[in-house]
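Heads up: the structure comes next, in structure tokens.
A short reminder: the numbers here are calculations on the coordinates, not readings from a lab. Treat the numbers as computed from the prediction; the structure is a model and nothing was measured. Heads up, the Cβs are rebuilt from the backbone with ideal geometry, glycines too, and the neighbour counts pull from every protein chain shown.
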Amino acid sequence: MPYKKHFEELIRKLYFNKASLREVRSLFRELNSRKDLDDGIIPDSLEEKLLTDDLDYNNNLENVWSKVESDIDKDTDPKSGLQLSIVLRVAAAIALLVIAGYTAVTVYQSFSWTEYRTYYGEIKTIELNDGSVVVLNGNSVLKVQKYLTVDKPRVVYLSGEANFQVAKAGTKDARFLVHTRDLDVEVLGTRFNVNCRESETSVYLEEGSVKINQNDFVQKDIFMSPGEKIDYSLLDKKLELSEVESEVNEISWKEGLFEFEELSLDQILKQITEPYNYSYEIENESLGNRTFTVRIPTNDLEFALSVLEKLTNTSIVDQNGMITVRERDSLAE
């Protein structure tokens with residue numbers, strides 16, 4: 001569509017309250033004059049994602065125009081110009097998106113959020129706009145507000161594992177909040193590790209302090225101290241706080257090398273297979289509880305498994321992403 005760039009620019013102006021009163025008025029006059037918008041339907045998914053609950057436009061674009069145009073007059077300050085609220089700006093953006101023929105959610109997210117992904121076994125270091133540094137482990141997704149600043153609240157969403165070094169807040173309101181499926185991690189300090197995969201979520205605090213909020217029916221805030229770890233089981237609905245004996249077991253991965261100190265084979269396999277989205281099975285429970293000390297690379301799963309096989313005197317077989325560990329003695333029987 002020839003007006004694509006023009007519409008995108010207007011959307012940004014509206015969203016960040018930089019559109020002039022003249023631009024908004026002419027925009028809605030143009031929208032009302034378009035003959036190809038007789039139906040004017042706004043999909044339910046857009047309304048759910050982009051509008052607040054107190055607005056009801058009945059999915060009709062005509063109602064959006066009427067509502068926004070009336071509020072333009074109410075919210076106009078002759079001294080400061082147009083003062084559209086965030087809700088009105090988003091409503092105007094929806095109207096633009098319908099005209100432009102976009103999927104509204106996609107465009108909205110494209111200029112409001114940045115998404116970072118890592119492939120299986122990949123480790124990526126990301127420097128955010130506020131100066132914070134995130135190391136994203138393999139098979140992970142991080143969604144970040146595009147315009148992070150140390151002067152305003154900062155929000156990110158994580159699926160997978162990431163290590164955070166958060167830039168110091170410029171104001172008391174500039175908290176840094178990490179949303180995961182099960183837990184919200186509010187930063188009160190600087191360095192911490194979050195792992196949210198499958199049915200478990202864990203948070204390890206390296207430095208400073210963080211506040212953990214459990215995202216279920218029972219709201220529970222837990223304040224952590226350096227060296228402590230939170231483990232949450234989605235299956236058991238249990239949240240446990242413990243003190244970690246060896247920091248390298250929790251964060252060595254970010255340097256591209258797994259370094260395990262007296263860690264159980266079950267936990268070792270869990271850490272090295274998750275970035276590849278592999279599953280594993282240890283046929284002997286006592287073997288899974290045995291502890292080992294080992295250093296193995298993060299970017300070569302095949303080599304890592306061969307090292308473990310020799311160290312543990314086992315047979316480790318990979319069949320299409322399912323790793324099976326058997327004791328050699330049981331193979332001879």
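From the convex hull of the Cα coordinates of the range 205-333, what is the mean projected area in square nanometres?
Values: hull surface 37.0 nm².
Convex hull of Cα atoms, orientation-averaged projection: 9.3 nm².
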query: Within the range 275-297, whose backbone N sits under 13 Å from a point 7 Å along Cα→Cβ of L311?
result: 290-297
- request: Please list the radius of gyration and Dmax for the range 118-243, considering alpha-carbon atoms only, with Å as the unit.
  value: 13.8, 39
- prompt: What's the FRET efficiency of E186 with R295 using the Cβ-Cβ distance as r and R₀ = 45 Å, to the nearest 0.05?
  reply: 0.85
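Given Cα pairs under 8 Å that are at least 6 residues apart, what percent is the relative contact order of the range 282-333? Could you put the intermediate results ahead of the total?
Working: 39 pairs, mean separation 17.9, N = 52.
So the answer I get is 34 percent.
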task: Let me know the shape class of the range 256-332, please: from the alpha-carbon gyration tensor, a ≥ b ≥ c as square roots of the eigenvalues, rounded when a/c is under 1.5, otherwise prolate if a/b is greater than b/c, or oblate.
output: oblate
- prompt: What Kirkwood radius, in Å to one decimal, follows from the Cα pairs of the range 174-268?
  reply: 13.8 Å
